[in-house]
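Structure record follows, encoded as structure tokens.
The values are calculated or read from the model by the stated rules, or taken from the named source; none is laboratory data. Quantities reported herein were computed from a predicted structural model and do not represent experimental measurements. Note that we place each Cβ from the backbone using ideal geometry, even for glycine, and neighbour counts take in every protein chain shown. Protein only, heavy atoms only, side chains kept; ligands, DNA and RNA dropped before computing areas. Shrake-Rupley method; radii C 1.70, N 1.55, O 1.52, S 1.80 Å.
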Amino acid sequence: MKVTEHISNAQGTLISFEILPPLKGRSINSIYDHLDPLMEFSPSWINVTYHRSETAFKKKVDGSFEKVEVRKRPGTVGICAAIMNHYKVDTVPHLICGGFNKRETEDALIDLNFVGVDNVLVLRGDAAKNETVFEPEPNGNAYAIDLLKQVTNLNTGIYQEEDIREGFRTNFCIGVAGYPEKHFEAPNLETDLSFLKAKVDAGAEYIITQMFFDNKKFFSFVQNCREAGINIPIIPGLKPISNKKQLSVIPRTFHVDIPTQLSLEIMKCKNDADVEKVGIEWLVSQSQELKKEGVPVLHYYTLGKPKVIHNVVKAVM
Ligand SMILES: Cc1cc2nc3c(=O)[nH]c(=O)nc-3n(C[C@H](O)[C@H](O)[C@H](O)COP(=O)(O)OP(=O)(O)OC[C@H]3O[C@@H](n4cnc5c(N)ncnc54)[C@H](O)[C@@H]3O)c2cc1C
């Protein structure tokens, strides 16, 4: 079922979770171990992230270095199929521009359609670790909107091969990312919003936001979106803080602020167990307020913290 159908059929606020594929070398059971305790909350769907390969230099026996491409977390398409089969729950695979050309993306979309996935979240991805700015692949998509248009084309039967213009029409429901505190490369909030509006005009059906720790920023983002004529569902992305290092890692990695009150409380903590408690309390109160304000879905980035997320959702439901 499509994300938009889940939302329009809902009586109240829904729950969804986001997971990462396991590191290469681990089994699908690590996904089940992660998700098993969270399934009691009947999530409407599970998002599965997508990861580009990274360039690494491996030392050879003669002392020289060999350049190799390593994808540390493969398996997004297979994990979606496995989750749907194992739990009978919908999945939302992420698709990214970075590291993929349009034909590879098309093949992934065909696989997703064949295994019965109805949704995709289309993203640009970040620059590769050895690049300072994002560089698309040759014949790849440069921005999320270009990838989005590739999916809407496939939804109308237009494939990359020039002789397939009336092929099988997929029917993917397409989501995009939004940034309450602005995407870090955008010159200002207004410009970022205008690119978000362009994604919506091109066919995006819902938005999932970057994490935020101050609900005021989310509410103001939603208001700005509505004033700009963006009328599709906006789903808040939520993440718990569970250790002191995150006070600097989260702003550096995700370009979001930690509110003063939260950072002061975390700095007072004696150990990470105390930080986890503070992080849970903060996220519970954020979630309760968002629910009260009638957000369509609470979307949790579970990222290796299923027990913490379990405690949060238990308190919110
Ligand atoms: C909910 C969510 C899930 C994510 N999942 C993943 C994942 O699974 N894998 C992964 O690698 N990354 C993931 N990311 C990270 C994401 O890929 C990065 O934040 C990336 O830097 C931007 O992606 P985007 O889709 O927002 O890009 P875009 O919408 O393409 O925007 C990128 C930047 O370009 C600007 N821009 C947009 N269109 C244009 C244009 N036409 N001309 C000029 N500038 C333009 C925007 O303002 C922005 O600054 C996720 C992010 C979020 C919020």
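Tabulated data for the structure shown
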{"quantity": "Ordering of 6-13, 105-112 by packing [mean C-beta count within 10 Å, highest first]", "calculated": "105-112, 6-13"}
{"quantity": "Candidates per chymotrypsin sites (Phe, Trp or Tyr not before Pro) in region 126-213, loop by DSSP, up to 14 other Cβ within 10 Å", "calculated": "Phe168, Phe184"}
{"quantity": "Rounded to 5, percent antiparallel among DSSP beta bridges of the chain", "calculated": "20"}
{"quantity": "Accessible surface of region 46-203 [probe 1.4 Å, protein heavy atoms]: carbon and sulfur percent", "calculated": "51"}
{"quantity": "Region 194-289 - Debye-derived log10 I(q)/I(0), Cα point model, q = 0.15, 0.17, 0.21 Å⁻¹", "calculated": "-0.65, -0.78, -1.02"}
{"quantity": "Area accessible to solvent at Val256, 1.4 Å probe radius, in Å²", "calculated": "0"}
{"quantity": "For region 54-199, accessible area per residue (1.4 Å probe, heavy atoms of protein chains only), Å²", "calculated": "53"}
{"quantity": "Dipole magnitude of the chain, debye to nearest 20 (Cβ charges: Lys/Arg +1, Asp/Glu -1, about Cα centre)", "calculated": "960"}
{"quantity": "Computed over the chain: relative contact order in percent, which uses C-alpha pairs under 8 Å that are six or more apart", "calculated": "18"}
{"quantity": "Whole-Å semi-axes of the ellipsoid equivalent to the chain (Cα gyration tensor, √5λ, descending)", "calculated": "30, 25, 21"}
{"quantity": "Trypsin sites (Lys or Arg not before Pro) lying in DSSP loop within region 108-181, provided at most 10 other Cβ fall within 10 Å", "calculated": "Lys129"}
{"quantity": "Neighbour cut-off at most 16 other Cβ (10 Å), DSSP loop, GluC sites (Glu not before Pro), region 128-225", "calculated": "Glu131, Glu161, Glu162, Glu166, Glu185"}
{"quantity": "For region 1-145, size of Cβ-based charge dipole, Lys and Arg +1, Asp and Glu -1, in debye", "calculated": "460"}
{"quantity": "Which of Pro37, Leu148, Cys80, positive extreme of dipole for the chain (C-beta unit charges)", "calculated": "Pro37"}
{"quantity": "Cβ-Cβ FRET estimate between Phe65 and His183, R0 fixed at 30 Å, reported to 0.05", "calculated": "0.30"}
{"quantity": "Dipole of region 173-305, positive end: most advanced residue of Ile266, Val249, Cys173 [Cβ charges, Cα centre]", "calculated": "Ile266"}
{"quantity": "Over 25 Å between alpha carbons, listed pairs Lys59/Lys102; Lys217/Lys270; Lys88/Lys314; Lys58/Lys129; Lys239/Lys277; Lys129/Lys197", "calculated": "Lys59/Lys102; Lys217/Lys270; Lys129/Lys197"}
{"quantity": "With 5 Å bins from 0: P(r) over region 98-188, alpha-carbon pairs, percent", "calculated": "3, 13, 22, 23, 18, 11, 7, 3, 0"}
{"quantity": "Alpha-carbon Rg/Rh ratio, for region 67-128, with Rh computed the Kirkwood way", "calculated": "0.99"}
{"quantity": "Solvent-accessible ranking of Arg26, Arg103, largest area first, probe 1.4 Å", "calculated": "Arg26, Arg103"}
